[in-house]
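The values are calculated or read from the model by the stated rules, or taken from the named source; none is laboratory data. Predicted model only: the values in this text are computed from it and were never measured. No Cβ is skipped: glycine too gets one built from the backbone with ideal geometry, and neighbour counts run over all protein chains shown.
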Amino acid sequence: MRHVLPRLAAVVLALASAALSAADDNAFNPAISLILSGTYGRFEQDPADYTIPGFALGEETEPGVEGLSLGESELVMSANVDAQFFGRFTAALAPDGGLSVEEAFLRTLALPAGLTLQAGRFYSELGYLNSRHVHQWDFVDQPLVYRAFLANQYGDDGVQLSWLAPTDHYLLLGTELLRGDGYPAGGAARQGAGSETVFVTTGGDIGVSHSWQAGLGYLYARADPRDTSPPALSFSGDTRQLSAHLVWKWAPQGNPYQHNLVLQGEYLANREQGVYSGDASGSADTRRNGWYAQGVYQFVHGWRAGLRYDHLSPGSPGAALAGTVLDPQGHQARRMSLMLDFSHSEFSRLRLQYNHDQSSPQADRQWFLQYIMSLGAHGAHRF
């Protein structure tokens, strides 16, 4: 027995050492996930003819594709580079075989005084929804204000500096300097520093069952020039945009497993000053705004229902641009959306959605059936 115990102890120590070594070897291996999605769309109006009077839209802002279609597949790799840096890469694989880089950035992990620096390509922190990926959306599509003012999402190359206040109350302040290629910027103006943002986000808990978040953001974007879709007009000038959001979450005793409710809304105000050219030409100084409000309720584990209302108020483009897509002709865009989805787990979701879309003077009734599936390791979503 005296000889067995030392040998057994040696084996245990060897196994423990091997396990720790394996853990060390894998500590910096990237987490890899693949998001698969597909949609069936049914429209009364041809989505290829979609316009919002009063707004020159960016690319890929149509409401969807008629019939069955494969959505973009999303490949994500992320990991700590070392004790100082974190990296993420996100590629969007289009159904036609095209590939685009949505994100490719590094983020510091150990700067002093609550500071974080991020550099590369990323979605701006402007607004609540802008930085969230497609599979995180509560509806098939983005609100109309995002479609009209940000071409669904504003992503660009640049740097971001943020500061988390050392307080019990959550307070985050940040600023971004961006290349200026993404809508509403264009042409990478000012020697490749065409956009700037500042943002502040705060939030906290109220009791055990309630939490909230509020934020303000400001975007300055220089376009030199910016093309629109359809490519009938080109804009050169400045865009200034203010955004505000409020989110309220409820879960009984802080446990969202069975029931939870999320209420959120955002308001965006936009001013464009510059010159349009193309099918028509003229100077513009246009003030526009829009908002959305939505609620999503999980009434039993796995099942959620949602309601969303959108509204856009266009401005006047001036006599020189009358009759173009910038002329609202007295119309204000609005839309009502209803959603029902089921998630068997956090990795799968099936969704049915109906839109009564009055973006254009002729109303459109739109139906969507969507699946979203996540393969591989995937981190928790943000608040």
Hey, can you tell me all the residues within the range 320-353 that are under 23 Å from residue 280 (Cα atoms), touching a residue at least 12 places away in the same chain (Cβ under 8 Å) and surrounded by fewer than 20 Cβ atoms within 10 Å (Cβ to Cβ)?
320, 323, 324, 327, 329, 331, 332
One residue from 232, 214 being at pLDDT 95 or above and either more than 29 Å from residue 249 (Cβ to Cβ) or surrounded by fewer than 16 Cβ atoms within 10 Å (Cβ to Cβ) (or both):
214
In this structure, is residue 172 hydrophobic (A, V, I, L, M, F, W, C), part of a strand (DSSP E or B) and within 21 Å of residue 267 (Cβ to Cβ)?
yes
Unique match (being of a type outside the set (A, V, I, L, M) and surrounded by fewer than 16 Cβ atoms within 10 Å (Cβ to Cβ)) among 179, 190
190
Among the residues of the range 118-130, which ones are assigned to a loop (DSSP other than H, G, I, E, B) and free of Cβ contacts under 8 Å to residues at least 60 places away in the same chain?
130
Would you confirm, using the coordinates I've provided, whether residue 226 is in a strand (DSSP E or B), at pLDDT 95 or above and of a type in the set (Lys, Arg)?
no
Unmet criterion (only one of (1) over 30 Å from residue 347 (Cα atoms); (2) part of a strand (DSSP E or B); (3) touching a residue at least 24 places away in the same chain (Cβ under 8 Å)) for residue 156
(1)
Taking residue 141, is it more than 29 Å from residue 190 (Cβ to Cβ), part of a loop (DSSP other than H, G, I, E, B), under 11 Å from the mean Cα position of the chain (by Cα) and of a type in the set (D, E, K, R)?
yes
Residue ranges of strands (runs of 3 or more DSSP E) in the range 258-341 with at least 1 members farther than 22 Å from residue 150 by Cβ, of a type outside the set (D, E, K, R) and modelled with pLDDT under 95:
260-278, 282-300
Between residues in the range 354-366 that are surrounded by 21 or more Cβ atoms within 10 Å (Cβ to Cβ) and residues that are among the small types (Gly, Ala, Ser), which pairs lie under 6 Å by C-beta distance while being six or more apart or on different chains?
355/337; 359/333
